[in-house]
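Trainee: My structure is below; once you've seen it, I'll send some questions.
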Amino acid sequence: MTAVPDAGAREVEVRISELPAPAAGGAALLTVEGTILLGERFPEAPAARPAEIGAPRAFRWTPEELYAEGRLHGMFHGPSFRGVVSIDRAGDAGAEGTLRALPARGLFRSQPDPAFVLDPLLLDAASQVVGFWTADRLERGFVVFPTGFERLDLYAPPPPAGARASCRIRGRFAAGDQILADLEVAAADGRPLLRLGGWDVKRMDLPERFYAYRLSPRDFILSTPLEAPAPVRDSVVCCRLDLPDGLMEADGRIWREGLAHTVLSRGERQAWRALPGPEPRRTEWLLARSAAKDAVRLFLKERRGLMVHAADVEIAADALGRPIASGQWAERAGGAPVISMSCGGGVAVAVAGESRRDRGVGIVAERVGPAGAHPEEGAFSAEESRLLGAMEQAERQEWTLRMRCAKEAGARALGRGVPAARGALRALEIDAGRGTVRMGVDGVDAADVTAWTGRDGDLIVATALCEGGH
């Protein structure tokens, strides 16, 4: 904080910056800045402004539906932030609502009973009225996120918990994805408590599945089911997770952060943040584990009748480097399923199956390239190249990709590290009719590795099963 020159101690410039991680170094990142005007007392409240919400329109949700889980346009807030009692009037240019002052006790571990000059919960509730108005007006791009404001005037101390207040907002759609709004919150007697001008929010168009998962992460599974190979359909479930290009990197990576805090346990978040390398690697790590947790959740739901949160499924590695799932649910489920996961090209796939001591599973997917694009064949042995060469030219391009995926999936099922295991695996037989690749393993007696390959839209997916010999 810095006092503004020639303004005495009444005007203070404030900057809040995010410090970089110690390992990363670098300069602090400015996140918020503004100017605060201090005084000995609150200024006299002006007269309440007349409501100017434009042509009236029927508001689509009852008070009971404002925070209902599972509703597509619902708010994600938990009980501590559910400060909107009702939307009383809505129009083309704004809305009026009733707010409830919420208790601040318990918000901070370090300060159990904080005292605020500005009630952040009441201000957040007022901003939610903007969100409800936007969701009522729009079918897409209705998610809004505040980015700043021009001026906030306070006229009274925060009302006590439980007190009712009215809120009026007037909004307008600016260029692109911007919405500007003016807000006024008044006490029950009509006296203004605060006014906020130039509230600047950004519209965001989230995929419906992502939005629904954000609202109800226990009951909704973000990934989509992927048809498992017929011979093992009774013992495994598969899924795929692909989100729109750029979503995880957009808006300061806020959606990636939100997904990480929903999906990962505390220890997993620490491991994720400590990952070295470029940001896309961290994104793929997160998406792969999200898909794997969804596969476990699908397995538990379909085979054990259990519903768990993604963060309750923890993923570590066994002695062979294969991912293993665990959690407090494992005892009720009769043990954790075996799992595999992979992510590349913006899509993650995962498989979860019945657990046996001698079983390993693996899954890999790659996007099919444009016509004429040939996957690299140099990594194949002479025998494998002969198997591919025996195929018709029309099949060979896709089967080159299928074999590569099959060997990667087999390597993951073996769990000896992808590069080493891929070198040990030898494709012995291709059954194009069944879509299978049967493989042998150098130096492993009696090991049987079979990969089932197939198409799922733009993906080639290989699911491998390794039984015995390891």
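Trainee: Answer yes if at least one residue in region 227-240 is closer than 27 Å to Q178 by Cβ and assigned to a helix (DSSP H, G or I), and no otherwise.
Mentor: No: zero hits.
Trainee: Please pick out the residue among L206, L226 that is in contact with a strand residue (DSSP E or B) (Cβ under 6 Å, 6 or more places away or on another chain), modelled with pLDDT under 85 and at negative phi.
Mentor: L206
Trainee: Okay, moving on. Can you pull out every residue in region 265-293 that is under 16 Å from I324 (Cβ atoms) and in contact (Cβ under 8 Å) with a residue 12 or more places away in the chain?
Mentor: S265, G267, E268, A288, R289, A291, A292, K293
Trainee: So if I check each of R438, R455, R434, which one is within 30 Å of the chain's Cα centre (by Cα) and at pLDDT 90 or above?
Mentor: After applying the criteria, what remains is R455.
Trainee: Looking at region 144-157 only, could you name the residues that are more than 21 Å from V32 (Cα to Cα) and open to solvent by less than 50 Å² (accessible area, probe 1.4 Å)?
Mentor: Y155, A156
Trainee: Limited to region 76-107, what total is found for residues that are open to solvent by 30 Å² or more (accessible area, probe 1.4 Å), within 22 Å of L194 (Cβ to Cβ) and assigned to a loop (DSSP other than H, G, I, E, B)?
Mentor: Summing the residues that are open to solvent by 30 Å² or more (accessible area, probe 1.4 Å), within 22 Å of L194 (Cβ to Cβ) and assigned to a loop (DSSP other than H, G, I, E, B) in region 76-107 gives 4.
Trainee: Sticking with this one: In this structure, does Y211 turn out to be open to solvent by less than 40 Å² (accessible area, probe 1.4 Å), hydroxyl-bearing (S, T, Y) and within 17 Å of P120 (Cα to Cα)?
Mentor: So Y211 does not fit the description; no.
Trainee: Would you mention how many residues in region 270-308 are within 21 Å of V338 (Cβ to Cβ), assigned to a loop (DSSP other than H, G, I, E, B) and open to solvent by 60 Å² or more (accessible area, probe 1.4 Å)?
Mentor: 2
Trainee: While we're on this one: If L193 satisfies all but one of (1) surrounded by fewer than 19 Cβ atoms within 10 Å (Cβ to Cβ); (2) over 30 Å from T453 (Cβ atoms); (3) among the aliphatic types (A, V, I, L, M), what's the number of the condition it fails?
Mentor: (1)
Trainee: To continue, here is another question. Of the residues G258, G305, G246, which is farther than 19 Å from R209 by Cα and of a type outside the set (D, E)?
Mentor: On inspection, the qualifying residue turns out to be G305.
Trainee: With surrounded by fewer than 17 Cβ atoms within 10 Å (Cβ to Cβ), of a type outside the set (G, A, S) and at pLDDT 90 or above as the only criterion, which of L387, L401, L428 stands out?
Mentor: L428 is the lone residue from the list that is surrounded by fewer than 17 Cβ atoms within 10 Å (Cβ to Cβ), of a type outside the set (G, A, S) and at pLDDT 90 or above.
Trainee: Still on this structure, please answer the following. Which condition number does E96 fail, the rest of (1) farther than 25 Å from Q178 by Cβ; (2) more than 28 Å from the chain's Cα centre (by Cα) being met?
Mentor: E96 satisfies every listed condition except (1).
Trainee: On to the next question. Among what's in region 39-55 and is farther than 15 Å from L194 by Cα and surrounded by 12 or more Cβ atoms within 10 Å (Cβ to Cβ), pick the residue that is nearest to the chain's Cα centre (by Cα).
Mentor: Checking each candidate, the answer is I53.
Trainee: Shifting gears a bit: Taking interchain pairs and intrachain pairs at least six residues apart, which have beta carbon atoms under 8 angstrom, with the first residue in region 315-338 and under 18 Å from G360 (Cβ atoms) and in a loop (DSSP other than H, G, I, E, B) and the second acidic (D, E) and open to solvent by 30 Å² or more (accessible area, probe 1.4 Å)?
Mentor: Note: pairs meeting the criteria are P337/E354.
Trainee: Which residue is least open to solvent (accessible area, probe 1.4 Å), if the candidates are limited to region 245-269 and must be more than 23 Å from A311 (Cα to Cα) and of a type outside the set (G, A, S)?
Mentor: My answer is D251.
Trainee: Condition first: open to solvent by 50 Å² or more (accessible area, probe 1.4 Å) and over 26 Å from E408 (Cα atoms). Can you find one or more residues in region 311-324 that meet it?
Mentor: Scanning region 311-324 turns up at least one residue that is open to solvent by 50 Å² or more (accessible area, probe 1.4 Å) and over 26 Å from E408 (Cα atoms).
Trainee: Which numbered condition trips up R195, out of (1) over 30 Å from W329 (Cα atoms); (2) under 31 Å from the mean Cα position of the chain (by Cα); (3) at pLDDT 90 or above?
Mentor: For R195, the failing item is (2).
Trainee: For residues that are without any contact (Cβ under 8 Å) to a residue 40 or more places away in the chain and either among the aromatic types (F, W, Y) or not in a strand (DSSP E or B) (or both), tally how many sit in region 175-219.
Mentor: Selection size over region 175-219: 7.
The values are calculated or read from the model by the stated rules, or taken from the named source; none is laboratory data. None of the values given here were measured: they were computed from a predicted structure. For neighbour counting, all protein chains shown are included, and Cβ atoms are generated from backbone atoms with ideal geometry for every residue, glycine included. Accessible surface is based on the protein model in full, side chains and every heavy atom, while ligands, DNA and RNA are left aside. Shrake-Rupley method; radii C 1.70, N 1.55, O 1.52, S 1.80 Å.
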